[in-house]
Each structure stands twice: as structure tokens, then as C-alpha cells.
Ligand code: XIL
């Protein structure tokens with residue numbers, strides 16, 4: 001709350017100074033640039049009750065001042081929400097095999113990663129997003145080797161034990177969690193996951209199918225931490241009416257109504273390619289937020305980046321409009337309160353190493369300078 005008041009104060013101060021500058025002889029650019037230093041995106045966002053966030057890259061764990069301190073500076077001045085890029089994934093939290101994988105103890109979990117993240121976020125009053133509890137990727141190698149031989153009940157036991165222990169520890173520390181990530185492919189459930197067994201084999205209660213399993217994941221998370229908001233998170237689910245989007249909307253609604261799963265929200269990852277972000281595309285993203293809103297879901301954008309690839313028509317100028325349009329469309333809806341970007345600068349982004357011929361996906365360039373995209377986001381926030 002005090003942060004909120006502080007932000008309102010800063011924005012009022014900004015408006016006042018703008019007014020005074022209008023009456024003075026001083027060239028406006030000079031004042032504008034000194035204000036850019038003190039007012040971050042977070043100030044504009046929190047004045048409107050919204051959260052604009054970014055990820056904390058792995059390198060900050062070893063050295064908070066990685067990149068000569070530029071990454072830290074961008075995070076703490078621009079953002080009021082934060083997520084870990086990798087360090088809270090199962091491969092990092094449960095790296096070593098617990099003595100009993102069906103009865104996980106808190107000492108089996110690498111809680112140091114959570115503590116480090118929470119300490120940093122709390123230092124700057126940031127909203128903390130947990131990513132991720134159950135995902136078929138970035139899992140420990142011992143699990144990869146053992147899980148295919150498990151019974152459905154063992155998959156349930158392991159998942160319950162992991163989620164319960166983790167949620168109990170993170171209660172009061174993490175504000176929202178991705179309970180499950182990327183469980184859909186095209187118009188069906190993703191197969192060949194380490195937990196695929198639950199779809200063909202019943203557990204001891206006679207439950208069979210992904211729906212029962214997924215609904216239990218949310219229930220276990222809620223039982224151990226009644227306050228954290230719980231999310232289903234995925235990519236390519238943003239525009240309304242595609243087969244993956246239809247499947248996703250049906251799934252979360254069914255889990256909530258038929259299975260009484262305590263799902264609070266859907267995370268639209270938002271890994272976009274510049275030429276994809278047309279006006280119509282963004283309008284359909286808005287339609288998804290609205291449709292899920294009617295069903296009572298929060299819909300946040302959780303991993304936004306807009307890559308520019310060799311041969312694309314778009315450039316960093318059109319990227320400004322793309323960022324602006326997305327932030328504006330998302331935040332103009334009451335059931336969207338957070339937009340997180342996936343990379344604090346083009347130098348801290350996963351795109352360069354994961355998408356050949358692509359890059360420039362974030363609002364700060366490789367030298368940590370503002371890009372047009374940054375000002376697109378700022379304009380969207382100011383116009384809210
Ligand atoms: C990415 C990280 O940014 C990379 O550093 C890592 O090598 C692979 O994973 N969807 C997700 C994120 O949910 O966890 C992924 O993060 C990007 C796609």
C-alpha cells in the first residue's frame with residue numbers, strides 16, 4: 001500500500017513538474033531525461049493498480065551485479081513484479097533424488113533458491129510469481145529415469161508430496177504460482193510427459209485421466225497455501241478461437257466447474273514473433289481475456305517477448321506499437337493485473353540462443369538502453 005501511495009506521489013510530482021516545465025524556459029528534453037531515471041514503468045503501473053514485471057536471470061544468483069549491475073538496475077527501477085527464469089523449476093528445486101520420492105521433505109528441496117528470490121523481490125516490494133510446479137520440461141534426471149516405471153498412484157503420490165511440501169514452504173512468500181505449464185498441444189493434451197501414465201491407468205481411488213490429475217494438483221496447492229493465486233500457464237493460447245485456445249478455455253472451465261479445481265487464473269505466455277502481432281491478433285487476445293473473465297478467471301501475460309527474425313517485415317519501430325497494443329489491451333481489462341516480460345534486456349533474453357536468426361525481443365537493447373518498445377509500454381501505462 002505504501003508503495004502504491006509512493007507511486008501515486010511520484011506520478012503527481014511528474015505531472016506537476018511537467019506543468020512547471022511548460023511554463024519555464026528550460027528545454028523540456030533535459031527534464032524528461034532526468035525523470036526517466038527516477039520514474040520507472042513500475043511507478044506508472046502501480047499508480048493504476050497494475051503489475052509490470054520481468055524475470056530474474058540465472059546469472060543474478062551467482063552475482064547480483066552481473067552485466068556490471070545493468071540487469072539489477074533495470075529490474076529494480078522498472079518493474080514491480082518478478083519471476084525466476086529457471087531457478088524455481090523442478091530441475092533446480094529437486095535436483096537430488098529424495099530418499100523417498102513419495103514422501104518429500106522440505107530438506108529435499110533447494111529452498112535457498114526460493115529464499116534468494118524472495119529476498120531480492122522483497123527488497124524492492126515486487127509481486128512474486130512462482131514458476132513452475134508441474135511441467136514436463138526441465139525436470140531432474142533421476143525423475144526422467146524413474147517416472148516411466150511408476151504406477152498412476154505413484155505419480156499422484158510424488159506430485160502430491162512435491163506440491164504440498166513446496167507450497168507449505170512458499171506460503172506467505174510467493175504471491176502466485178504456475179501449478180501446471182504447457183499441458184496442451186494443438187487440440188489435445190500433451191502426451192509422452194513423465195506423468196502420461198495417469199491418462200491410461202487408474203489411481204487407487206479409481207480416478208483416471210488428465211482432468212482428475214490436474215484438478216488434484218490445484219487442490220493440493222490450495223490446501224497448503226490458501227493465499228497464493230493458482231495458474232494454468234501455456235503458449236500459443238493467446239488468440240481467441242484457435243484449436244489450442246478453444247481446448248484451453250474448455251479445459252480450465254471444466255476443471256473449475258466439474259472438478260472443483262481451485263484455478264484462479266490463466267497465464268498467456270506471450271512469446272510472439274513481430275509479424276504475428278497484428279491489430280486483429282491483439283483484439284483476439286483481448287477476446288480471450290474477456291471470455292475467461294466471464295468465467296471468473298484472472299488472465300495475466302506471463303512471459304511476454306516479441307522477437308524480430310531475419311526476413312521479418314517488422315522492426316524495432318513496429319515493435320513499439322506491438323508492445324503498446326498488447327500492454328494496453330491487457331491492462332484495459334479488469335481481470336488482467338500483471339504483464340511480465342521474459343528478459344530484462346536483449347542481452348538477458350532466451351531468444352538469441354533458442355530461436356535461430358531471431359533476437360531483439362525485449363524493451364531494452366543489448367547495451368541495456370531503452371528501445372522504442374520501452375516507450376510503447378510506458379505510453380500504454382500512461383494512457384490507462
Ligand atoms: C526458458 C528459459 O528462459 C531458458 O533460459 C531455458 O533454457 C528454457 O526455458 N516457456 C516457459 C519458460 O514456461 O519456462 C521457458 O523459459 C520459455 C518457454
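For residues that are more than 16 Å from the ligand (Cβ to nearest atom) and modelled with pLDDT of 95 or more, scanning just the stretch 175-193, find the one that is nearest to residue 112 (Cα to Cα). Among those that are more than 16 Å from the ligand (Cβ to nearest atom) and modelled with pLDDT of 95 or more, it is 175. Looking across the stretch 119-156, the residues that are surrounded by fewer than 14 Cβ atoms within 10 Å (Cβ to Cβ) and assigned to a helix (DSSP H, G or I) come down to 119, 122, 123, 141, 144, 145, 148, 149. How many residues, within the stretch 124-143, are out of contact with any strand residue (DSSP E or B) (no Cβ under 9 Å at 6 or more places or on another chain) and either within 16 Å of the ligand (Cβ to nearest atom) or without any contact (Cβ under 8 Å) to a residue 40 or more places away in the chain (or both)? Going through the stretch 124-143 one residue at a time, the tally reaches 3. Of the residues making up the stretch 254-308, those that are within 13 Å of the chain's Cα centre (by Cα) and within 14 Å of the ligand (Cβ to nearest atom) are 266, 267, 268, 269, 270, 271, 300, 301, 302, 303, 304, 305. Considered as a group, the residues in the stretch 240-253 that are outside any helix (DSSP H, G or I) and at negative phi include one that is farthest from the ligand (Cβ to nearest atom), and that residue is 240.
Listed here are the residues, each with its yes/no results for (1) modelled with pLDDT under 95; (2) more than 16 Å from the ligand (Cβ to nearest atom); (3) more than 13 Å from residue 338 (Cα to Cα).
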position	(1), (2), (3)
41	no, yes, no
45	no, yes, no
53	no, no, no
56	no, no, yes
63	no, yes, yes
66	no, no, yes
80	no, yes, no
83	no, no, no
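Note on the stretch 221-233: among residues that are surrounded by 22 or more Cβ atoms within 10 Å (Cβ to Cβ) and in contact with a helix residue (DSSP H, G or I) (Cβ under 6 Å, 6 or more places away or on another chain), the one that is farthest from residue 170 (Cα to Cα) is 232.
The values are calculated or read from the model by the stated rules, or taken from the named source; none is laboratory data. Given the structure is predicted, the values throughout are model-derived calculations rather than measurements. Reconstructed Cβ throughout: ideal geometry from the backbone, glycine too, with neighbour counts over all protein chains shown.
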